[in-house]
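Engineer: One structure is given below, represented as structure tokens, and several questions about it will come after.
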Number of protein chains: 2
Amino acid sequence: MRLEDGRQRAVIEGVYPEIDCGQFPIKRTTGEKVVVEADIFTDGHDALSALLLYRREDAPEWCETPMTFLVNDRWRAEFTVGEIGRYCYTVMAWVDHFKTWAGDLAKRIQAGQDVTVELEIGARMVDEASQRASGADAAALKTVAETLHHGGDTAIAAALSPELSDLMFRYADRSCATTYGKELAVVVDRERARFSAWYELFPRSTAKDAGRHGTFRDAEERLPYVAAMGFDVLYLPPIHPIGVTKRKGRNNTLVAGPGDPGSPWAIGNKAGGHKAVNPELGTLEDFRRFVQRANEYGLEVALDIAFQTSPDHPYVEKHPEWFRWRPDNTVQYAENPPKKYEDIYPFNFESEKWRELWEELKSVFTFWIEQGVKIFRVDNPHTKPFAFWEWCISEIKQQYPEVIFLSEAFTRPKVMYRLAKLGFTQSYTYFTWRNTKWELQEYLTELTQTQVREFFRPNFWPNTPDILPEALQIGGRPAFMSRLVLAATLAANYGIYGPAFELCVNEPTMRGKEEYLYSEKYEIKHWDVDRPDSLSRFIGQVNQIRRENPALQSNLRLRFHGVDNDYLICYSKTTEDLSNVILVVVNLDPHYTQSGWVNLALDQLGVDHEHPFQIHDLLTGERYLWNGSRNYVELNPHAIPAHIFRVRRHLRTEQDFEYYM
Amino acid sequence: MRLEDGRQRAVIEGVYPEIDCGQFPIKRTTGEKVVVEADIFTDGHDALSALLLYRREDAPEWCETPMTFLVNDRWRAEFTVGEIGRYCYTVMAWVDHFKTWAGDLAKRIQAGQDVTVELEIGARMVDEASQRASGADAAALKTVAETLHHGGDTAIAAALSPELSDLMFRYADRSCATTYGKELAVVVDRERARFSAWYELFPRSTAKDAGRHGTFRDAEERLPYVAAMGFDVLYLPPIHPIGVTKRKGRNNTLVAGPGDPGSPWAIGNKAGGHKAVNPELGTLEDFRRFVQRANEYGLEVALDIAFQTSPDHPYVEKHPEWFRWRPDNTVQYAENPPKKYEDIYPFNFESEKWRELWEELKSVFTFWIEQGVKIFRVDNPHTKPFAFWEWCISEIKQQYPEVIFLSEAFTRPKVMYRLAKLGFTQSYTYFTWRNTKWELQEYLTELTQTQVREFFRPNFWPNTPDILPEALQIGGRPAFMSRLVLAATLAANYGIYGPAFELCVNEPTMRGKEEYLYSEKYEIKHWDVDRPDSLSRFIGQVNQIRRENPALQSNLRLRFHGVDNDYLICYSKTTEDLSNVILVVVNLDPHYTQSGWVNLALDQLGVDHEHPFQIHDLLTGERYLWNGSRNYVELNPHAIPAHIFRVRRHLRTEQDFEYYM
């Protein structure tokens, strides 16, 4: 304890948000608020004043905003982050003798006590403040000090005036103020970090004619289709040259046939590695053109970055020190004993040359950033050191704060959260396996109502090339529809792997497995995207609803409402001002019509208990009049297994006619 | 982020206990355990090893104990604190390649894979470890390395032997180990900090003859009485000279009569201040003798330290700079406008001379420590700066680690907790106003089942000279009995203000107030402690039960059990090994007999669901046979409103006879 601090009587603790003692930043997007709370108190009965201090990390001066007392020693203030980059904030508080004095003075006067001496005490405080002020403020304070000095009713009026209170706050004596020991950080991302709809697509499967290896030129033809569905991120699996040695065949067989294209995640061959384009897809020039075209359709291209190599990657020869060598002079391939993945070499992050390895991996990102890519989906980040990611992401975001990193870590919860804390912008989640009402409510509550929401931005995927969940296998088309609505309305960020999704592909390699039969990971597909039973129109509708309703563009105000049927889940999302209120009901049973009574928390929806309100199903266009909190719903999964209602609170009545006035 | 750390792949977070990011120590008493948990994980699938490191704060070297993996990345280990003073602890973890290798080897062998190369990899690891070892261990490792090098079944057996595993853990490569960033502190107190029974007594009210001012010599006569009740701390209100100016009269009137002795908390007159003894009580020599005599009766004297002065305190003249002066050249007295307390001057901790003030106040403690006092009840610590207490207590405990500070702060929860965190050994609580079952369960759960238990040691007081709670006013003798049992069995530390308590004094100044009528604070009392209706024998019995049952000497294993009657509360306390199990049932209704069925969590009591068990009421001596979790209880408040059962699990049956064998 520093004896210097002996007169700093204010105590600040319990600051929120603060992640792991301030070790990690919270996350926001431009224009969002940071609401800061703290426990602030002092000894005795003196009044306190407190400020929230904040600034862009590189700004020389703090901005200040007064904190407001709530209850039980809790104070609050907020600020808005305007630009992408990093902000920081902290809290300052001091014992405010003027405030104490003014409050006491009012009580003394009310009790009819003589306040002559008190006014003189006040006069001295005001006089001192005038010396901290300058210009007109100093003069004004000087005048008040004179008035107080003279006493009487004029003095009392001046003493208790809001003008004096304002001035005295502005020129408060902060010499014994306490500043919270830590500066807490905010990473501010662009809006897409918070609100995005991803579509994953293998460009090699976009050729018009079946069997041919698709190219970026072919993929360009698919852009209007993806754009029409309303997506805004087009995510491509790795586009690099694919290894030949130990290449996997169709259905993940150990030996590839002559025409098998291999898994895009077995990166690198003689044509190059992580900074090269698979020649079968085209040239780097073609890729840049593709990115450009996609942009024209409102689609931002996201690349998959998988830090591992095939045995044929140029790194193996050029940087043998980045791999683990076995006593028999072979490179250690990926393993999960007794399983072997001989087509994949992991990097050895314990290499003596780890610094060079880190720099090289970072340069992979910057290489693609220079080609126009600003979004990366990072493959299995949890199998590379946390320290590497913390360094790499922070280095890149310092130079390119607009870059978005999606963490594809399907692993244990603390590991997933750690990756988000250390810098990943968005994260894959357990949504893929959360099916029942209880599971969904439990998980979403954790993600949106606890501290997790400050650093972990969920991105919900009902399927991926690796995961065809049992719910989709069993539930078929109704399950595809309900899982889409859940993903798209529970989470502001979501994505699907298509066209397998909209075409409701649901055959696994075998029952009990979640792998796709004839997985696109190992072969070229020819998708008939125009099939009449495709969900593409439905998906387009859902994405349009998301775009038109800001309530669905954030997870902050998600609330669950009761339904007396466990197959029906009901939740709302609203804007902060309740100008946009969305209420969703989903039938989780893919087989049967389910009905029940919802029990709405009307206050959360801004709906008056006394008056009817209109709900407008944005999927069907139908409108219903509801009244009070209990209302009937019924959903047939074979038609549309969900309602996405816009709640319209103001109903026109006869009182709206001017004749009525 | 320091690039130096790039190969430290283990991550340590979520360490428990850790108070406010390690800003404050946790508390233990000698012989108690510190169980430490942490989330520890790394990237990928490698095995980890982790150590709990701990030491006396002044010890040069860490002691180490291996941590055990629990579940969900959580690890645990514990250590025992042996001596009073300060300890510290932290956590270390590393990626354990040998452990990974050995685990994988077993899987490979089971899958029938060739492990020739693996054994060579292992041989190299063992060889490296041998270079970190010395003596016999080095030789042993060298031998195993050879064996592994030669391969075959012998090698496999050696590779998977527990001996090798032990040695490899002992000589693990910790060059890339991660150490948790903080060293966390433990303040270790003597046992009385955890387990104590306080009796508060005004020595001036101990004269044999009514009206006379009692002295320490008189108070000596009272010692056998207090000791017979089984208390171990005898706490005296301030014993210093009492101010004359503005002295308060009987019943807190503004003007004292000629014989009024004044409030002991208006400290200081011409005879001296905080380091003097009120001459009416005797001399400093008498006081030292009193402390000595008390010790002979097993009673430790605790002094009340109230940092405030009467207008007549020598400090006022000698250190005018320690007070706040008003423009009319008077000292600012204590106020809570419009209320004035003109007999009390607070110190001005914002004085320019605050350092000198701090030093002087600290010297008050050391003065009394030198007279043999090792326990202080600190009056209103929340009206003096937190920074002062943190400094003062830590300075004193550095020199006298055996000293105990009890915080008498009846104020808002965060303030009370902060005082405990910064150093107070024990704390007054809200128990005084927690009467219903729900209130008691809620509060005790917060105190004993949350992080609060690591730093806040509750001391339960059913009454104090300042507080005659309404429950006692209304409930009379049955309420005094039930509140005593609650205080003494819910909290390992408790106290009463007597003889007002055992004599069931319950008349307030007026209904709706909690002040005693004719409060002992303002007058000399003559208590008839031998009155036949005194609770002194009952109290003695309860204190004896506390002494004989270690379960009641800690709050760690308090558990509530259901009762189907809200007037009955039921809870248990046990030792960790369940060798001592106490079950308490209290009737909270002071008027009527209440009965109901308890629903015991038998597992918590170590009781078998299948066999009957005996409960032995330690208050009445009665024994009952209970069976299963649901059992009947009935308590008449006009007899004894509580059961304190010792649960005896082993019942003798015919099978205990040797003939039976």
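Engineer: Using a 10 Å cut-off around each Cβ, can you sort B:H526, B:H561, A:H240 from fewest to most neighbouring Cβ atoms? Walk me through the numbers before you get to the answer.
Structural biologist: Details: B:H526 14, B:H561 19, A:H240 29.
By the 10 Å Cβ count, ascending: B:H526, B:H561, A:H240.
Engineer: Work from the charge dipole of chain B (Cβ charges, +1 for Lys and Arg, -1 for Asp and Glu, about the Cα centre) and give the residue of B:V291, B:A197, B:G423 farthest towards its positive end.
Structural biologist: Looking along the dipole axis, the top candidate is B:V291.
Engineer: How far, in degrees from 0 to 90, does helix A:97-110 lean away from the longest principal axis of the Cα atoms of chain A, to the nearest 10?
Structural biologist: 50
Engineer: Please compute, for peptide A:408-417, the average count of beta-carbon atoms on other protein chains lying within 10 Å of each residue's beta-carbon. Each step should come with its number before you reach the end.
Structural biologist: Details: counts 0, 1, 0, 4, 4, 3, 9, 6, 0, 2.
Mean number of neighbouring Cβ atoms from other chains: 3.
Engineer: List the cysteines in chain B whose Cβ has no other cysteine Cβ under 4.7 Å from it.
Structural biologist: Within chain B, the cysteines lacking a partner Cβ under 4.7 Å are B:C63, B:C88, B:C176, B:C392, B:C504, B:C570.
Engineer: On C-alpha positions alone, give me the angle between the axis of helix A:354-370 and the longest principal axis of chain A, in degrees, nearest 10.
Structural biologist: 90
Engineer: Also: Rg (Å, one decimal) plus Dmax (Å, integer) for the alpha carbons of chain A?
Structural biologist: Values for chain A (Cα only, Rg and Dmax): 30.6, 103 Å.
Engineer: Using the charge dipole of the protein assembly as shown (Lys, Arg: +1 at Cβ; Asp, Glu: -1 at Cβ; taken about the Cα centre), state which of B:A306, A:W391, A:I524 has its Cα farthest towards the positive end.
Structural biologist: A:I524
Engineer: Using only the alpha carbon atoms of the protein assembly as shown, find the Kirkwood hydrodynamic radius as the inverse mean reciprocal pair distance, in angstroms to one decimal. If you can, show how the numbers build up before the last one.
Structural biologist: Numbers: mean 1/r = 0.0273 Å⁻¹.
Radius from the Kirkwood sum: 36.7 Å.
Engineer: Which value, in debye to the nearest 20, gives the size of the charge dipole of segment B:259-303 about its Cα centre, when Lys and Arg are +1 and Asp and Glu are -1 at the Cβ? Don't skip to the answer; put the middle values down first.
Structural biologist: Working: 5 positive and 6 negative charges, 33 e Å.
Here the size comes out at about 160 debye.
Engineer: Could you name the residue in chain A with the C-beta closest to the rotation axis that superposes chain A on chain B, along with the separation in whole Å?
Structural biologist: Nearest to the symmetry axis by Cβ: A:C21, 2.
Engineer: Contour minus end-to-end for A:E634 and A:D209, with contour as 0.36 nm per residue of separation and end-to-end as the Cα-Cα distance? Walk me through the numbers before you get to the answer.
Structural biologist: Numbers: separation 425, 0.36 × 425 = 153.00 nm, distance 4.40 nm.
This chain segment gains 148.6 nm when fully extended.
Engineer: Now for a different question. What nm distances, shortest first, do you get from the label point of A:L254 to those in the other copies when the point sits 7 angstrom along Cα to Cβ?
Structural biologist: 10.1
Engineer: How much length, in nm to one decimal, is gained on full extension between B:E280 and B:R557, taken as 0.36 nm per residue of separation minus their Cα-Cα distance?
Structural biologist: 95.1 nm
Engineer: Another one. What share of all Cα pairs of segment A:387-467, in percent, falls into each consecutive 5 Å distance bin?
Structural biologist: In whole percents, the pair-distance histogram is 3, 15, 23, 24, 17, 11, 5, 2, 0.
Engineer: Another question about this same structure. Residues of segment A:418-459 with amide nitrogen under 19 Å from the 7 Å Cα-to-Cβ point of A:D20?
Structural biologist: A:418-429, A:447, A:450-458
Engineer: Taking amide H positions as placed in the peptide plane 1.01 Å from N, state which residues far from A:Y341 in sequence (5 or more) or on other chains have amide H under 5 Å from it.
Structural biologist: The answer is A:A334, A:E335, A:N336.
Engineer: Would you list the P(r) distribution for segment A:524-573, with all Cα-Cα distances sorted into 10 Å bins from 0 and each bin expressed as a whole %?
Structural biologist: Distribution as computed: 20, 29, 31, 17, 3 percent.
Engineer: Report the convex hull volume per residue for segment B:361-512, counting only C-alpha atoms, in Å³. Mind dumping the intermediate values first?
Structural biologist: Details: hull volume 19.8 nm³, N = 152.
For segment B:361-512, the hull spanned by Cα atoms encloses 130 Å³ per residue.
Engineer: With angles folded into 0 to 90 degrees, how steeply does helix B:470-490 sit against the dominant principal axis of chain B? Use alpha carbons for both and round to 10.
Structural biologist: The angle comes out at about 30 degrees.
Engineer: Please report, for A:T330, the nm distances (one decimal) from its label point, 7 Å out from Cα along the beta-carbon direction, to the equivalent points in the remaining copies, shortest first.
Structural biologist: So the label point of A:T330 gives 9.6 nm to the other copies.
Engineer: Also, quick follow-up: So how do A:147-158, B:318-329 stack up, highest first, on mean other-Cβ count within 10 Å? Before the final figure, lay out each step's value.
Structural biologist: Working: A:147-158: 16.0, B:318-329: 14.1.
Highest-to-lowest ranking by the protection proxy: A:147-158, B:318-329.
Engineer: Could you work out the pair-distance distribution P(r) of segment B:535-608 from its alpha-carbon pairs, with 10 angstrom bin width and percents rounded to whole numbers?
Structural biologist: Result, from short to long distances: 19, 41, 35, 5 percent.
Engineer: Suppose each label sits 7 Å from its Cα in the direction of the beta carbon; what would the A:Q292-B:D566 distance come out to in nanometres?
Structural biologist: Using points 7 Å along Cα→Cβ, the separation is 7.6 nm.
Engineer: Continuing with the same structure: Convex hull volume of the Cα atoms in segment B:490-570, per residue, in Å³? Display every interim value, and only then the final one.
Structural biologist: Numbers: hull volume 12.8 nm³, N = 81.
About 158 Å³ per residue, rounded to a whole number.
Engineer: Something else about it: Work the Kirkwood hydrodynamic radius out for segment A:1-95: mean of 1/r over every pair of different alpha-carbon atoms, inverted, in Å.
Structural biologist: Details: mean 1/r = 0.0696 Å⁻¹.
Taking the inverse mean of 1/r over all distinct Cα pairs, segment A:1-95 comes out at 14.4 Å.
Engineer: Placing +1 on the Cβ of each Lys and Arg and -1 on the Cβ of each Asp and Glu in the protein assembly as shown, which of B:N269, A:Y443, A:N348 has its Cα farthest towards the positive end of the resulting dipole?
Structural biologist: Value computed over the given set: A:Y443.
Engineer: Also: Given labels modelled 7 Å from the Cα in the Cβ direction, how far is it in nm from B:A47 to A:Y592?
Structural biologist: About 5.0 nm separates the two model spin labels.
Engineer: Continuing with the same structure: Treat the count of other C-beta atoms within 10 Å as a stand-in for reagent exposure and order A:T65, B:T575, B:T309 from fewest to most. If you can, show how the numbers build up before the last one.
Structural biologist: Working: A:T65 15, B:T575 18, B:T309 27.
In order of increasing Cβ crowding within 10 Å: A:T65, B:T575, B:T309.
Engineer: Taking R0 as 56 Å, what's the FRET efficiency between A:N72 and B:L625 from their Cβ-Cβ distance, rounded to 0.05?
Structural biologist: Step by step, r from the Cβ atoms, then E = 0.70.
Engineer: Would you please give the FRET efficiency between B:D173 and A:R547, computed as 1/(1 + (r/R0)^6) with r the Cβ-Cβ distance and R0 = 51 Å, to the nearest 0.05?
Structural biologist: Details: r = 55 Å, r/R0 = 1.07.
About 0.40, to the nearest 0.05.
Engineer: Another question, then. Based on the Cβ-Cβ distance of B:E163 and A:N329, what FRET efficiency does E = 1/(1 + (r/R0)^6) give at R0 = 25 Å, to the nearest 0.05?
Structural biologist: On the way: r = 31 Å, r/R0 = 1.25.
FRET efficiency, B:E163 to A:N329: 0.20.
Engineer: Any idea what the dipole of segment B:552-660 comes to, in debye rounded to 20, about its Cα centre with Lys/Arg Cβ at +1 and Asp/Glu Cβ at -1?
Structural biologist: 240
Engineer: May I pose another question? For segment B:169-250, what size does the Cα cloud have along each of its three principal axes, sorted from largest down, in whole Å?
Structural biologist: 78, 38, 18
Engineer: In debye, nearest 20, what is the charge dipole magnitude of segment B:97-171 about its Cα centre with +1 on Lys and Arg Cβ and -1 on Asp and Glu Cβ, if you could check? Working shown, then result.
Structural biologist: Values: 7 positive and 11 negative charges, 40 e Å.
In debye, rounded to 20, segment B:97-171 gives about 200.
Engineer: Can you pull the three principal axis extents for the Cα set of segment A:552-660, in Å, largest first?
Structural biologist: Principal-axis extents of segment A:552-660 (Cα, largest first): 52, 29, 22 Å.
Engineer: Moving on. What number do you get for segment A:97-171 when its Cα radius of gyration is normalised by 2.2 N^0.38 Å, N = residues? Kindly include the intermediate steps, with their values, before the conclusion.
Structural biologist: Values: Rg = 11.4 Å, N = 75, 2.2 N^0.38 = 11.3 Å.
Normalised Cα radius of gyration, segment A:97-171: 1.00.
Engineer: Could I ask something else about it? Would any residue of segment A:111-144 have its amide N under 12 Å from a label point 7 Å out along Cα→Cβ of A:D153? List them or say none.
Structural biologist: Inside the label zone: nothing.
Here, each number is a calculation from the coordinates, and none is a lab measurement. From a predicted model like this one, the values you see are computed outputs, not experimental measurements. Cβ sites come from the backbone with ideal geometry, for glycine too, and all protein chains shown count toward neighbours.
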